[in-house]
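I have placed the structure first, in the form of structure tokens, so that the comments after it can refer back to it.
The values are calculated or read from the model by the stated rules, or taken from the named source; none is laboratory data. Here the structure is a predicted model, which means the values were calculated and not measured. Counting neighbours? That spans all protein chains shown, and the Cβs are built from the backbone with ideal geometry, glycine included. Quick note on the areas: whole protein, heavy atoms, side chains included, nothing else; ligands and nucleic acids left out. Shrake-Rupley method; radii C 1.70, N 1.55, O 1.52, S 1.80 Å.
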Amino acid sequence: MAEDVYKPRVPDLMEAVFDIGYLTFDLIAGILFFAFSQGRILFILYGILTLTLCGGDAFHLLPRVKRALKGSNDRIRKQLGIGLQVSSITMTVFYIFLLYIWKYTFYELKAPAALEIMIWVSALIRMIVCLLPQNNWCGEQGNPKLSLLRNSVFAVTGIGVIILYAISGNTYGYHMNRMIAAIIISFGCYLPVTLLSRKMPKIGMLMIPKTCAYIWMIVMGLQLLF
């Protein structure tokens, strides 16, 4: 009897193309930041931020591409779990970099000390929680309680960064206040997915606008660079 051959569906192929396109964009943008930074710390930070995002997301997205093209198996499910853990940590680091990008973009402004502490402490708590084996990253059910905890403190990190960019507004005419909208969109799409996707898989479609919001954040840096 002939063995069944997995055939990718059109939505799976579209997801694979989108994920590869996103990672390619991140990689090229990161290289551009370094190539044209001329030693300016602001754009070196943007380059590190972009490649951190690209590298972390690759751990999760490349197994998704493999699953879309070849179907799922235990090895891919394990890779997806580990990738989700890695990307959760690097995504947190991303917001720490946004804090320092703000400081170097608006060097004449001073971030309130309490706000910096709030961002750092909440980010560190999230990363520590993400490292706990009790998260059960590779299990189908995960750990709902820890998921709620790590994403609640992550929301605090995001709120802190939003407040920073609200403080600077449109200083120097850079229009970096658009970062507020991008962060709100990213969190508004990310939190429902991470909290509900195991029970409601279709809500995972929100990851597309979430990813587009991250692309928008990087594009803002490229606009400053050029």
### Message
Pull out all pairs, ordered by first then second residue, where Cβ-Cβ is under 6 Å, the residues are six or more apart or on different chains, the first lies in the stretch 172-191 and is farther than 13 Å from Lys210 by Cα, and the second is part of a loop (DSSP other than H, G, I, E, B).
### Response
Asn177/Gly169; Asn177/Asn170
### Query
If you scan the stretch 128-165, which residues turn out to be open to solvent by less than 30 Å² (accessible area, probe 1.4 Å) and in a loop (DSSP other than H, G, I, E, B)?
Trp137, Gly139, Gly142
### Query
Within the group Ile31, Ile20, which residue is at negative phi, open to solvent by less than 90 Å² (accessible area, probe 1.4 Å) and aliphatic (A, V, I, L, M)?
Ile20
### Query
Taking the stretch 66-111 only, how many residues are more than 30 Å from Pro8 (Cβ to Cβ) and open to solvent by 60 Å² or more (accessible area, probe 1.4 Å)?
7
### Message
Being in a helix (DSSP H, G or I), more than 25 Å from Gly21 (Cα to Cα) and within 17 Å of the chain's Cα centre (by Cα) is the requirement here; does Ala58 meet it?
### Response
no
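So for the stretch 34-56 (the condition being closer than 18 Å to Gly204 by Cα and buried (at least 20 other Cβ atoms within 10 Å of the Cβ)), does at least one residue qualify?
So in the stretch 34-56, the residues closer than 18 Å to Gly204 by Cα come out as none.
No; the residues of the stretch 34-56 include none that is closer than 18 Å to Gly204 by Cα and buried (at least 20 other Cβ atoms within 10 Å of the Cβ).
Kindly provide the set of residues from the stretch 192-211 that are in contact (Cβ under 8 Å) with a residue 12 or more places away in the chain and assigned to a helix (DSSP H, G or I), ordered by number. Steps first, please.
Just the residues of the stretch 192-211 that are in contact (Cβ under 8 Å) with a residue 12 or more places away in the chain, to begin with: 192-195, 198, 206-211.
Result: Pro192, Val193, Thr194, Leu195, Leu206, Met207, Ile208, Pro209, Lys210, Thr211.
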